[in-house]
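Each remark here refers to the structure printed beneath this line.
The values are calculated or read from the model by the stated rules, or taken from the named source; none is laboratory data. For clarity, every value in this text was computed on a predicted model and none was experimentally measured. Backbone-built Cβ (ideal geometry, glycine too); neighbour counts: all protein chains shown. These accessible areas exclude ligands, DNA and RNA; they are computed on the full protein's heavy atoms, side chains included. Shrake-Rupley method; radii C 1.70, N 1.55, O 1.52, S 1.80 Å.
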Amino acid sequence: DVMKPIEILEQARSCNICIDAKLSSLERLYFLIKHITRSDDIEPLIIKASALEKEINAKIDELIEMRVSAHVLIASLPLEEQAVLEEYYINCLDWDKVAEKIHFSIRKVYNLRKSALSLINSCAESAV
């Protein structure tokens, strides 16, 4: 079952967001571990932190593979379209931040996204 290009891009973005959320949870666990005074309370938190670290490492491995696939798709595009997709799907900026960072209007960013996805889809369809 071959994934559509948009699915590859969306998965890379959502995996990155998931990792960020897990890292925030891990930070909170480390904070609790650091500030707990009773040793009975620490062990379950250390076990939980260790399990979360393993989950994060597995997600990072997954993200690396997804990013490689996403970069291959994005690299085939003209530079402006590359910039838009890179900032949104790889760097996880929201559309307003993408526009601000690359100094384009939000309308231009949306148009570039639409044109980029159209180009990626037509390349994917011709490859089949």
> Going out from 0 in 10 Å bins, what whole percent of all Cα-Cα distances in the chain drops into each bin?
Replying inline: 12, 33, 25, 16, 10, 4, 0
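By Kyte-Doolittle mean hydropathy of at least 0.0 and Cα axial length of at least 24 Å, which whole DSSP H helices of the chain are selected?
TM-like helix candidates: 5-35, 39-75, 106-127.
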> Cα to Cα, under 18 Å, and not fewer than 8 places away if on the same chain: which aspartates and glutamates meet these conditions relative to Lys34?
Replying inline: Glu43, Glu53
> Points 7 angstrom from Cα along the Cβ direction at Leu32 and His71: gap in nanometres?
Replying inline: 3.6
> Per residue, what accessible area does the chain have, given a 1.4 Å probe and all protein chains present, in Å²?
Replying inline: 66
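Taking a ≥ b ≥ c as the square roots of the Cα gyration tensor eigenvalues, with a/c under 1.5 meaning rounded and otherwise prolate when a/b beats b/c, else oblate, which class fits segment 1-71? Write down the numbers at each step before the final one.
Details: a/c = 4.51, a/b = 3.36, b/c = 1.34.
Judged from the Cα gyration tensor, segment 1-71 comes out prolate (a/c at least 1.5, a/b above b/c).
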>> Please report the spacing between the Cα centers of segment 21-36 and segment 43-90 in Å, no decimals.
In response: 22
> Per-residue accessible area for Glu27 at 1.4 Å probe radius, Å² rounded to 10?
Replying inline: 130
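Taking all protein chains as present, what is the carbon and sulfur share of the accessible area of the chain, in % to the nearest whole number, probe 1.4 Å?
Whole-percent figure for carbon plus sulfur exposure: 56.
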> What lysines sit close enough to Lys54 to cross-link, taking a C-alpha to C-alpha distance under 18 Å and skipping anything fewer than 8 places away on the same chain?
Replying inline: Lys22
